[in-house]
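What follows is a set of notes on a single structure, which appears directly below.
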Amino acid sequence: MRARIVATGSYVPEKVLTNFDLEKMVDTSDEWITERTGIKERRIASPQQATSDLAYEASISALKKAELRAEDIDLIVVATVTPDMLVPSAACILQMKLGAKNAVAFDINGACTGFLYALSVAEKFIRTGASKRALVIGAETLSRFTDWTDRSICVLLADGAGAVILEPTDKDEGIEVIDIFSDGTLWDFIHMPAGGSKMPVDENVLRERLNYIKMKGNETFKVAVKTLEEVVDATLKKGGIKSSQLSLLVPHQANIRIIQAMAKRLDLPLDKVMININKYGNTSAASIPIALDEAYESGKVKRGDYIMLAAFGAGLTWGAALIKW
Ligand code: ACO
């Protein structure tokens, strides 16, 4: 038994924040951001929207496309580092909003690799028969944890959500390989110092701006390129196919230069690589399912195609999946 993606959905908030808007907020330029990251604009949630609201819209879209009701779902896994609140999970709040009364619901924190972590867990539920129909979501409101005075990070992060529905299949299709990894020794490359049990928020935290995500961008960049190249190579090998057989690479959208390096390593032309970082920035766990939905809707993915998903993020975490669509 394998798990197959039967529908995709996505949602991005209406508000667009352009590089030119950011030029007015911090010492940066459209030229620097475009050249160093590939980002031109990104979406920002409204003050009324929390992560579960974005996840709800993406889920409804996927359910509609699959012609399913929320009651048909028996497992909800939300990948997020920005849940509505620490307790309960965003997945339980989403379950309530959807009315998915037959589901078990929980969150996974795998940062930018979060969607692959959630997909990997849900795939095991499906393969073992523990779930018949799973809703897997990547959703983030990173704008709430972004220091809008720190130019090294505020130009990168953004909000959005994407969802997929998984069902079992006994045919030669679906998720062929999915592997996830972590290295906690590099935890401080990307982290938010305060707001957890180690450093509860107090006046000092607010004054020192420790309740925002910090990133060692350059160090992270180097590890990301090397690790992603290795993981896609290993995944192709495990799947027994060559990169020339891939119809599409759907990478986490962290930096256009990281994506280009992966494409070069795989010898893939850029029209076989899903790129939408220019429109949405880095939406962490949401980036792959948003890109996947856009790829499917624009006809870039067809039944029988081989596609590769690959991500890297805080933790450090990374992973890849080979899917026969
Ligand atoms: N505008 C203008 N200048 C800037 C900006 C900005 N927004 N940000 C940094 N700079 C400056 C720096 O101060 C530095 O100036 P200096 O040379 O005078 O000291 C210069 O630009 C170069 O800075 P670097 O940090 O070396 O720039 P780099 O080319 O590495 O790009 C970036 C930075 C975009 C963050 C890149 O390192 C990157 O993408 N890293 C990987 C991110 C990633 O993959 N993260 C994992 C997922 S994220 C998650 O899990 C939430």
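Tell me, which residue of region 253-270 that is in contact (Cβ under 8 Å) with a residue 60 or more places away in the chain and in a helix (DSSP H, G or I) is least open to solvent (accessible area, probe 1.4 Å)?
Taking the candidates together, the pick is I259.
Can you name every residue in region 271-301 that is among the hydroxyl-bearing types (S, T, Y) and either open to solvent by less than 60 Å² (accessible area, probe 1.4 Å) or within 12 Å of the ligand (Cβ to nearest atom) (or both)?
Residues satisfying the conditions are Y280, T283, S284, S287.
Output yes when any residue across region 149-165 is farther than 26 Å from L86 by Cβ, away from the ligand (no atom under 14 Å from the Cβ) and out of contact with any Pro (no Cβ under 7 Å at 6 or more places or on another chain), and no when none is.
Within region 149-165, one or more residues are farther than 26 Å from L86 by Cβ, away from the ligand (no atom under 14 Å from the Cβ) and out of contact with any Pro (no Cβ under 7 Å at 6 or more places or on another chain).
Considering only residues that are closer than 30 Å to A122 by Cβ, touching a strand residue (DSSP E or B) at 6+ places or on another chain (Cβ under 7 Å) and among the charged types (D, E, K, R), which ones fall in region 1-37?
Matches in region 1-37: R2, R4.
Test L228 against the criterion of being assigned to a helix (DSSP H, G or I) and either free of Cβ contacts under 8 Å to residues at least 24 places away in the same chain or not polar (S, T, N, Q) (or both), and give yes or no.
Yes; evaluated as a whole, the condition is true for this residue.
Regarding region 196-209, can at least one residue be identified that is more than 16 Å from the ligand (Cβ to nearest atom), part of a loop (DSSP other than H, G, I, E, B), of a type outside the set (G, A, S) and not assigned by TED's automatic domain parsing to the domain that holds G313?
Among the residues of region 196-209, not one is more than 16 Å from the ligand (Cβ to nearest atom), part of a loop (DSSP other than H, G, I, E, B), of a type outside the set (G, A, S) and not assigned by TED's automatic domain parsing to the domain that holds G313, which makes the answer no.
Is there any pair with a first residue in region 85-101 that is open to solvent by 100 Å² or more (accessible area, probe 1.4 Å) and a second that is at pLDDT 95 or above and among the acidic types (D, E) whose Cβ atoms are under 8 Å apart and which are 6 or more apart or on different chains, and what are they?
K101/E71
Among the residues in region 232-242, are any buried (at least 19 other Cβ atoms within 10 Å of the Cβ), within 16 Å of the ligand (Cβ to nearest atom), within 18 Å of L116 (Cβ to Cβ) and touching a residue at least 60 places away in the same chain (Cβ under 8 Å)?
Scanning region 232-242 turns up at least one residue that is buried (at least 19 other Cβ atoms within 10 Å of the Cβ), within 16 Å of the ligand (Cβ to nearest atom), within 18 Å of L116 (Cβ to Cβ) and touching a residue at least 60 places away in the same chain (Cβ under 8 Å).
Select from region 25-45 the residues that are away from the ligand (no atom under 13 Å from the Cβ) and open to solvent by 40 Å² or more (accessible area, probe 1.4 Å) and list them in ascending order.
Correct list: K40, E41, R43.
Restricting the search to region 126-151, which residues are under 27 Å from T227 (Cβ atoms) and either without any contact (Cβ under 8 Å) to a residue 12 or more places away in the chain or open to solvent by 60 Å² or more (accessible area, probe 1.4 Å) (or both)?
R127, R151
Among the residues in region 95-110, are any assigned to a helix (DSSP H, G or I), away from the ligand (no atom under 16 Å from the Cβ) and of a type outside the set (A, V, I, L, M, F, W, C)?
Yes, region 95-110 contains at least one residue that is assigned to a helix (DSSP H, G or I), away from the ligand (no atom under 16 Å from the Cβ) and of a type outside the set (A, V, I, L, M, F, W, C).
Select from region 193-221 the residues that are under 20 Å from N255 (Cβ atoms), open to solvent by 40 Å² or more (accessible area, probe 1.4 Å) and either of a type outside the set (D, E) or touching a residue at least 40 places away in the same chain (Cβ under 8 Å) (or both) and list them in ascending order.
Y212, K214, M215, K216, N218, F221
May I ask you to say which residue of T8, T80, T18, T51 is of a type outside the set (F, W, Y), in the same structural domain as L166 (by TED's automatic domain parsing) and within 13 Å of the ligand (Cβ to nearest atom)?
Of T8, T80, T18, T51, the one residue that is of a type outside the set (F, W, Y), in the same structural domain as L166 (by TED's automatic domain parsing) and within 13 Å of the ligand (Cβ to nearest atom) is T80.
The values are calculated or read from the model by the stated rules, or taken from the named source; none is laboratory data. This structure is a prediction, so every number in the text was calculated from the model and none was measured. Note that we place each Cβ from the backbone using ideal geometry, even for glycine, and neighbour counts take in every protein chain shown. Remember, those area values only see protein heavy atoms, side chains included, never the ligands or the DNA or RNA. Shrake-Rupley method; radii C 1.70, N 1.55, O 1.52, S 1.80 Å.
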